[in-house]
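The values are calculated or read from the model by the stated rules, or taken from the named source; none is laboratory data. Only a predicted model underlies this, so the values are computations on that prediction, with no experimental measurement involved. Neighbour counts run over all protein chains shown; Cβ positions are idealised from the backbone, glycine included.
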Amino acid sequence: MKFNPDGRVKVKSVDGSIIETFGTVQTVVNVDSLKIPLTLQVVSKQADIPCDGILSRHFLEHAGAQISYASKTLTLGQVAARLVRNCRQ
């Protein structure tokens, strides 16, 4: 992973407050045989993000994700994960 402190931006957090990121990290996510390059913003652990991360539409599109609201699943390649309403489930 390559950290870039010049990639800092201000973003609106889940609770509506504005926070400044530390910068970006570039990485590659492997889903089956697919390799998806991603640039992620790094935030303080104190930021009010109730889950481990947020998948962008860009990532989901490039990964060929299948989202089923009927079965409440997100499928990437051969792996299916259950969708939840919040991180406490």
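Could you list, ordered by first residue, the pairs with Cβ atoms under 7 Å in which the first is in the range 20-35 and touching a residue at least 40 places away in the same chain (Cβ under 8 Å) and the second is assigned to a loop (DSSP other than H, G, I, E, B) and of a type outside the set (Gly, Ala, Ser), at least 6 apart or interchain?
So the pair list comes out as Asp32/Gln78.
Take the range 12-28 and flag every residue that is at pLDDT 80 or above and of a type in the set (A, V, I, L, M, F, W, C).
Of everything in the range 12-28, those that are at pLDDT 80 or above and of a type in the set (A, V, I, L, M, F, W, C) turn out to be Ile18, Ile19, Phe22, Val25, Val28.
Consider Gly53 carefully, then state whether it is small (Gly, Ala, Ser), under 26 Å from Thr75 (Cβ atoms) and at pLDDT below 85.
Yes.
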